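Asks: Here's a structure for you.
The values are calculated or read from the model by the stated rules, or taken from the named source; none is laboratory data. Note that the coordinates shown come from a computational prediction; the quantities given were computed from them, not determined experimentally. Positions of Cβ are generated from backbone atoms using ideal geometry, with glycine treated the same way; all protein chains shown enter the neighbour counts. Each accessible area value is taken on the protein alone, full model and side chains, heavy atoms only, with ligands, DNA and RNA left out. Shrake-Rupley method; radii C 1.70, N 1.55, O 1.52, S 1.80 Å.
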Amino acid sequence: MSSSFKEIQIQHQKHYSNITSFLFPAVLSPNPFSSSTLSVFTDSIIAQKPFLDSLLLKTGAILFRGFDVNTAKDFNDVVEAFGFEELPYVGGAAPRTNVVGRVFTANESPPDQKIPFHHEMAQVPEFPSKLFFFCEVEPGSGGETPIVLSHVVYERMKERYPDFVEKIEEHGLIYTRVLGEEDDPSSPIGRGWKSTFLTDDKSVAEQRAAKLGMTLEWFEDGVQTIMGPIPAIKYDKSRNRKIWFNSMVAAYTGWKDARNDPVKAVTFGDGEPLPGDIIHDCLKILEEESLAIPWQKGDVLLIDNWAVLHARRSFNPPRRVLASLCK
């Protein structure tokens, strides 16, 4: 272990052992013999990037705890230090606001709503490979960001429902969502079409949707987006394993608001409806395999979006968690 970081164990981590044994997520804190200031932290990230890359490859997620990260600007400096390219948030469903630099609010849907497990932007072709979360204000209570290893979910689903998994591997999934014109902050999928496509011109929105492989059907006060069929299972080349890379459970159980019926939000790639009982069982598997570490102010969580699904539990305010997406 190199000098600036100390790998620690905390409650709620899971221990995995197959070819190699590891704790999920890895948790790094400042080495007691070095300073925890922001500049030392960002310099250490730059200097020890190969170590951090290999740790992320092995574990899928790293929680940095106890470093001097206090503001959105500090968090932006941390993200910049990693040197990953920024991914513009085009085509995503969550209502978000840009705070500073490449830092956004995480999903701004109301505190009483849970956000189900998902890979970030799994329903569009260009999705981030890495995500950062930062706890600026820790929750009054609740509000954790549960995480789960995707290949474990795939293996459990394949074992329990081989025919179903074969069908989604073969046909993929189609996602359908109705967007209003403006953002609706009362909905977890409340992003309006103007901010989804970063334009107020319908023909530009059409072009941007087409680039994403999405078709649009316009109504008087909004638009229906149809995406797919797109793969539901992907192959993670860097780890040589299949992953449960889809938003099936999230769409089927959570894409609900005044405009959207979640049961119609996602179907098999051939248009057939999905079996509700299997989706709800998949949700159970996600819950069983996941873990949730309570946020502390200053925490920075780095997630490999190829390895890990994440969610959000409901909470009592205050809570301010910021996010940054990388290519």
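Asks: Only one of these is in a loop (DSSP other than H, G, I, E, B) and over 23 Å from Ala311 (Cα atoms): Glu159, Glu182, Glu170, Glu166. Name it.
Replies: Checking each option against the conditions leaves just Glu182.
Asks: How many of the residues in region 185-213 are under 25 Å from Ile115 (Cα atoms) and of a type in the set (S, T, N, Q)?
Replies: Qualifying residue count for the region: 4.
Asks: Answer yes or no: is there a residue in region 14-23 that is over 17 Å from Phe82 (Cα atoms) and in contact with an Asp or Glu (Cβ under 9 Å, 6 or more places away or on another chain).
Replies: Yes: one or more hits.
Asks: Which helices (runs of 4 or more DSSP H) sit wholly inside region 214-313 and have at least 2 residues that are within 19 Å of the chain's Cα centre (by Cα) and within 14 Å of His118 (Cα to Cα)?
Replies: Answer list for region 214-313: 248-254, 276-289.
Asks: Could we say that Ser44 is open to solvent by 20 Å² or more (accessible area, probe 1.4 Å), small (Gly, Ala, Ser) and more than 18 Å from Ser324 (Cα to Cα) here?
Replies: no
Asks: Spot the failing condition for Gly298; the list is (1) surrounded by fewer than 17 Cβ atoms within 10 Å (Cβ to Cβ); (2) at positive phi; (3) in contact with a strand residue (DSSP E or B) (Cβ under 7 Å, 6 or more places away or on another chain); (4) not aromatic (Phe, Trp, Tyr), and only one is missed.
Replies: Looking at each condition in turn, Gly298 falls short on (1).
Asks: Taking Pro30, is it over 21 Å from Val308 (Cα atoms), in contact (Cβ under 8 Å) with a residue 12 or more places away in the chain and in contact with a strand residue (DSSP E or B) (Cβ under 8 Å, 6 or more places away or on another chain)?
Replies: The answer is yes for Pro30.
Asks: Could you tell me which numbered condition Lys114 fails, if it satisfies all but one of (1) surrounded by fewer than 21 Cβ atoms within 10 Å (Cβ to Cβ); (2) touching a Gly at 6+ places or on another chain (Cβ under 8 Å); (3) within 20 Å of Val300 (Cβ to Cβ); (4) not β-branched (Val, Ile, Thr)?
Replies: The number of the failed condition is (3).
Asks: A further question on this structure: If you take the residues of region 120-137 that are of a type in the set (D, E, K, R) and farther than 17 Å from Leu149 by Cβ, which of them is surrounded by the fewest Cβ atoms within 10 Å (Cβ to Cβ)?
Replies: The residue in question is Glu126.
Asks: Which condition breaks for Val153 when tested against (1) out of contact with any His (no Cβ under 6 Å at 6 or more places or on another chain); (2) of a type in the set (Val, Ile, Thr); (3) closer than 30 Å to Ser39 by Cβ?
Replies: The number of the failed condition is (3).
Asks: Counting only residues that are surrounded by fewer than 22 Cβ atoms within 10 Å (Cβ to Cβ) and β-branched (Val, Ile, Thr), which one in region 169-189 is farthest from Tyr252 (Cα to Cα)?
Replies: Val178
For (1) basic (Lys, Arg); (2) open to solvent by less than 20 Å² (accessible area, probe 1.4 Å); (3) in contact with a Lys or Arg (Cβ under 9 Å, 6 or more places away or on another chain); (4) touching a residue at least 60 places away in the same chain (Cβ under 8 Å), each residue gets a yes or a no:
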position	(1), (2), (3), (4)
Ser35	no, no, no, no
Gln48	no, no, no, no
Phe51	no, no, no, no
Asp68	no, no, no, yes
Asp74	no, no, no, no
Gly83	no, no, yes, no
Pro95	no, yes, yes, yes
Ala106	no, yes, yes, yes
His118	no, no, no, yes
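Asks: Quick check on my filter: what residues within region 270-323 are of a type in the set (Lys, Arg) and farther than 18 Å from Lys158 by Cβ?
Replies: Lys297, Arg312, Arg313, Arg319, Arg320
Asks: Okay, moving on. For region 21-33: of the residues being among the small types (Gly, Ala, Ser) and within 16 Å of Ile8 (Cβ to Cβ), which is surrounded by the fewest Cβ atoms within 10 Å (Cβ to Cβ)?
Replies: Looking at the filtered set, the residue picked out is Ser29.
Asks: Given the structure, is Arg319 modelled with pLDDT of 95 or more and within 16 Å of the chain's Cα centre (by Cα)?
Replies: no
Asks: In region 303-327, what residues are open to solvent by 70 Å² or more (accessible area, probe 1.4 Å) and either within 18 Å of Gly254 (Cβ to Cβ) or among the β-branched types (Val, Ile, Thr) (or both)?
Replies: Arg313 - this is the single residue of region 303-327 that is open to solvent by 70 Å² or more (accessible area, probe 1.4 Å) and either within 18 Å of Gly254 (Cβ to Cβ) or among the β-branched types (Val, Ile, Thr) (or both).
Asks: Any idea which of (1) open to solvent by 20 Å² or more (accessible area, probe 1.4 Å); (2) under 28 Å from Ile147 (Cβ atoms) is the one Ser247 doesn't satisfy?
Replies: The failed condition is (1).
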